[in-house]
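The values are calculated or read from the model by the stated rules, or taken from the named source; none is laboratory data. None of the values given here were measured: they were computed from a predicted structure. Note: ideal-geometry Cβ built from the backbone for every residue, glycine included; neighbour counts use all protein chains shown.
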Amino acid sequence: MTSKLQVTVPKAIADRYRIKPGDEIVWMAAGDSIRVYPRRSVPQGRGPAARLRLFDEATERQRTRHAKAAPATGGRGWRREELYDRGRPR
């Protein structure tokens, strides 16, 4: 944030969302947060349909992140049956 209240968008974010110098962005209050949108992708309205669409988009991003995560190898390292025999003399 500069003394003139200007903000620099990080290059990685600008590249990801195709924001170029001269593009307009919109700042929207979202509870304790601020959402920043390129002018071309501002959600229309703040009603239930817009909130549901935002939720669906966030859910899809989470599914994508989860799918890219490395799968756990080797399972839990134990089986249910082993729980019943634990601590018993053999």
Scan of region 27-59 for residues that are under 23 Å from residue 10 (Cβ atoms), modelled with pLDDT of 85 or more and in a helix (DSSP H, G or I), ordered by number: 57, 58
Region 9-32 residues that are surrounded by 13 or more Cβ atoms within 10 Å (Cβ to Cβ), paired with ones that are aromatic (Phe, Trp, Tyr) (beta carbon under 9 Å, 6 or more apart): 9/17; 17/37; 25/37; 26/37
Failed item in (1) at negative phi; (2) outside any helix (DSSP H, G or I); (3) of a type in the set (Gly, Ala, Ser), with residue 22 passing the rest: (1)
